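Every number in this text was worked out from the coordinates using simple rules, so none of it is lab data. Predicted, not measured: the structure shown is a model, and the values here were computed from it. Backbone-built Cβ (ideal geometry, glycine too); neighbour counts: all protein chains shown.
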Amino acid sequence: MVMNSDQKIVHPFWLRTFHWINLVAVILLILSGWRIYNASPIFAFTFPKEITLGGWLGGALLWHFAAMWLLFFNGLLYLFLNTVTGRFKARFFPIRFGDVFSELTAAFKGKLAHDDLSEYNAVQKLAYLFAVVFIVLLVLSGLVVWKSVQFPLLRELMGGYDNARIVHFFAMSALVAFTAVHVMMVALVPKTLLMMIRGR
Ligand code: HEM
């Protein structure tokens, strides 16, 4: 059977499922995390209560721990299936850094081509890999903030408990920034959203 490019499955079902579960987990974690942060702020500001989740510290912690497991197992399965199916290598590598530069320049001039949506461009590959790294960093620094005595090596690698809180905060900020840009890019090329829903 001959398949035209519209019928080609670009994002397998499992990937789409993980992507949208990840979105739910990240939203719950960020909103409840802001409420937890407000109870003992590291910096000279707090988040408006209206955009936080949980109502009070205890409630926010319950949301945070529940969503944490969702993010953790979802992420682990995503990494596992991506690796064993060879998709990780095929979709994300190689990344040519010369292409990253030329594509960023073209994007800023509004001249980035979107002819073949079935392949990620070099900037996308790098941004998605960074999103994965931010999430891994969030989980690791979160483990230290949660169970600092039980994870001494991880705690020392993060520069101690207080520093782990700062790492956790900056990894959250980086993920929020990624999501904002990511959603803007999707809005510019809405066909990609259809692909992340239908697969093709
Ligand atoms: C929680 C925040 C989010 C994270 C961490 C995230 C992460 C990612 C990652 C890592 C990929 C690449 C997946 C792969 O191929 O293995 C991806 C693709 C994609 N995401 Fe997200 N995402 C987030 C939120 C969103 C939202 C809110 C939307 C919709 C508005 C969205 C729409 C898409 C689309 C359409 C693609 C495919 C892009 C393409 O094929 O060109 N994502 N996302």
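Out of curiosity, is residue 33 surrounded by 12 or more Cβ atoms within 10 Å (Cβ to Cβ), of a type outside the set (A, V, I, L, M, F, W, C) and in contact with a helix residue (DSSP H, G or I) (Cβ under 7 Å, 6 or more places away or on another chain)? Break it down stepwise before answering.
Working: surrounded by 12 or more Cβ atoms within 10 Å (Cβ to Cβ): yes; of a type outside the set (A, V, I, L, M, F, W, C): yes; in contact with a helix residue (DSSP H, G or I) (Cβ under 7 Å, 6 or more places away or on another chain): yes.
The answer is yes for residue 33.
Would you check which residues across region 7-29 are within 8 Å of the ligand (Cβ to nearest atom), assigned to a helix (DSSP H, G or I) and β-branched (Val, Ile, Thr) and list them?
Within region 7-29, 26, 27 meet the criteria.
Among the numbered criteria (1) more than 24 Å from residue 189 (Cα to Cα); (2) of a type outside the set (Val, Ile, Thr); (3) within 16 Å of the ligand (Cβ to nearest atom); (4) touching a Phe, Trp or Tyr at 6+ places or on another chain (Cβ under 8 Å), which one does residue 91 miss?
With (1) more than 24 Å from residue 189 (Cα to Cα); (2) of a type outside the set (Val, Ile, Thr); (3) within 16 Å of the ligand (Cβ to nearest atom); (4) touching a Phe, Trp or Tyr at 6+ places or on another chain (Cβ under 8 Å) applied to residue 91, the lone miss is (1).
Tally up the residues in region 95-125 that are within 16 Å of the ligand (Cβ to nearest atom) and polar (S, T, N, Q), please.
3
Mind checking whether some residue in region 130-142 is in a helix (DSSP H, G or I) and either over 20 Å from the mean Cα position of the chain (by Cα) or within 23 Å of residue 198 (Cα to Cα) (or both)? Can you show your working first?
Filtering region 130-142 down to residues in a helix (DSSP H, G or I) leaves 130-142.
Of the ones still in play, those that are also either over 20 Å from the mean Cα position of the chain (by Cα) or within 23 Å of residue 198 (Cα to Cα) (or both) are 131-132.
Yes, region 130-142 contains a residue that is in a helix (DSSP H, G or I) and either over 20 Å from the mean Cα position of the chain (by Cα) or within 23 Å of residue 198 (Cα to Cα) (or both).
Looking at 164, 171, 177, can you tell me which residue is part of a helix (DSSP H, G or I), exposed (fewer than 15 other Cβ atoms within 10 Å of the Cβ) and either touching a Pro at 6+ places or on another chain (Cβ under 8 Å) or among the small types (Gly, Ala, Ser) (or both)? Quick ask: steps written out before the conclusion?
Working: 164 fails: exposed (fewer than 15 other Cβ atoms within 10 Å of the Cβ); 171 fails: exposed (fewer than 15 other Cβ atoms within 10 Å of the Cβ).
Matching residue, one of 164, 171, 177: 177.
With part of a helix (DSSP H, G or I) and within 30 Å of residue 7 (Cα to Cα) as the only criterion, which of 112, 61, 104 stands out? First the steps, then the outcome.
Numbers: 112 fails: part of a helix (DSSP H, G or I); 61 fails: within 30 Å of residue 7 (Cα to Cα).
Only one candidate passes the filter, namely 104.
Just the residues that are more than 19 Å from residue 15 (Cα to Cα) and not in a helix (DSSP H, G or I), please, taken from region 73-101.
First, the residues of region 73-101 that are more than 19 Å from residue 15 (Cα to Cα): 94-101.
Hits for region 73-101 are 94, 95, 96.
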